[in-house]
1. Looking only at region 13-45, how many residues end up being part of a helix (DSSP H, G or I), within 8 Å of the ligand (Cβ to nearest atom) and over 19 Å from residue 103 (Cβ atoms)?
2. Looking at region 91-120 only, could you name the residues that are more than 14 Å from residue 62 (Cα to Cα), in contact with a strand residue (DSSP E or B) (Cβ under 8 Å, 6 or more places away or on another chain) and not in a strand (DSSP E or B)?
3. So in region 2-12, with the set limited to residues that are assigned to a loop (DSSP other than H, G, I, E, B) and on the phi < 0 side of the Ramachandran plot, which one is surrounded by the most Cβ atoms within 10 Å (Cβ to Cβ)?
4. For residue 178, work out the one condition from (1) under 13 Å from residue 160 (Cβ atoms); (2) touching a helix residue (DSSP H, G or I) at 6+ places or on another chain (Cβ under 8 Å) it doesn't fulfil.
5. Given the conditions (1) touching a residue at least 40 places away in the same chain (Cβ under 8 Å); (2) touching a strand residue (DSSP E or B) at 6+ places or on another chain (Cβ under 9 Å), and given that residue 136 satisfies all but one, which numbered condition is not satisfied?
6. Could you check region 125-241 for helices (runs of 4 or more DSSP H) lying wholly inside it with 1 or more residues that are over 30 Å from residue 105 (Cβ atoms) and more than 11 Å from the ligand (Cβ to nearest atom)?
7. Six or more apart or on different chains, Cβ atoms under 7 Å: show the pairs whose first residue is in region 171-183 and at positive phi and whose second is part of a helix (DSSP H, G or I).
8. Could you check region 54-65 and list, in sequence order, the residues that are surrounded by 16 or more Cβ atoms within 10 Å (Cβ to Cβ) and either part of a helix (DSSP H, G or I) or near the ligand (Cβ under 9 Å from one of its atoms) (or both)?
Ligand SMILES: NC(=O)c1ccc[n+]([C@@H]2O[C@H](COP(=O)([O-])OP(=O)(O)OC[C@H]3O[C@@H](n4cnc5c(N)ncnc54)[C@H](OP(=O)(O)O)[C@@H]3O)[C@@H](O)[C@H]2O)c1
């Protein structure tokens with residue numbers, strides 16, 4: 001299987017590249033700045049149509065997983081032009097190249113396409129983003145649906161994993177590092193999501209590829225939880241001091257972009273369709289702990305994605 005992954009140096013794409021390589025796929029790992037750890041690296045800017053076409057000529061993929069995006073939610077709000085260029089025009093370039101090459105496209109999207117007023121969103125619920133990042137991801141979903149006959153849109157939510165990627169640590173690693181250093185962490189109680197272990201999302205993606213499943217899927221973790229309780233779960237699983245974590249509210253933080261209050265995803269469709277199931281939070285954090293015990297110790301960046 002020839003697989004081209006965009007965003008293969010990122011948190012999710014790097015894990016997918018690792019697992020697909022282990023299954024003997026021929027993996028082409030697309031990136032723009034940070035060299036990917038797995039697969040054959042292929043550097044191109046998704047927002048440059050010519051570079052995308054060249055990359056497709058080189059890789060000639062049967063399957064494309066498009067995960068590259070400007071994922072910094074506040075940066076998208078501040079630099080809307082850049083967010084549109086990468087997330088929307090970048091996806092148009094990928095979708096058009098996929099159409100020409102007749103590959104199968106999986107587009108990785110987000111729970112932030114929803115407004116967060118009700119939570120537990122199903123695939124059939126109407127998206128209504130409240131920040132620019134969410135808007136660009138929704139426009140990109142719509143482009144994929146318009147341009148491609150057979151596609152899959154896979155939505156994740158607060159992706160985390162055992163290793164830093166693309167020069168930053170994820171929320172779970174940030175909490176873990178704080179607790180290991182005996183530092184206090186103030187975490188919000190009023191943001192609910194479905195945290196998604198990158199390994200879990202990557203295994204579900206591989207099943208989508210191998211079964212050629214089309215349509216929209218919520219491939220997040222199975223548990224609806226707020227950030228504070230998620231942090232507490234990390235403390236519990238890693239036997240660290242949970243009293244270092246104190247509750248706060250979003251009003252105490254000065255984020256530029258609005259965050260949905262409850263963008264948790266209903267994963268019933270994935271639970272019923274896939275053999276590889278969305279994990280409950282306890283299982284997933286335990287899995288992260290197992291992965292960490294197998295890793296060599298490396299210095300970690302402090303930049304965190306919120
Ligand atoms: N993180 C989350 O909590 C979350 C939640 C739901 C959905 N998602 C979605 O899941 C996908 C993966 O997210 P992630 O957290 O794994 O991403 P990430 O760690 O922030 O990495 C972003 C990736 O996109 C690449 N990229 C950015 N701009 C590019 C450009 N112009 N051309 C080519 N590549 C470019 C980066 O490459 P370089 O590092 O080489 O620049 C990197 O590999 C994204 O589509 C995101 O919207 C993420």
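The values are calculated or read from the model by the stated rules, or taken from the named source; none is laboratory data. This is a predicted model, so every value here is computed, not measured. Note that each Cβ is placed from the backbone with ideal geometry, even for glycine, and that neighbours are counted across all protein chains shown.
1. So the answer is 1.
2. 91, 111, 113, 114, 116, 117, 118, 119, 120
3. My answer is 8.
4. All conditions are met except number (1).
5. The number of the failed condition is (2).
6. 171-180, 227-237
7. As it stands, the answer is 182/244, since those pairs meet every condition given.
8. Passing the criteria: 55, 56, 59.
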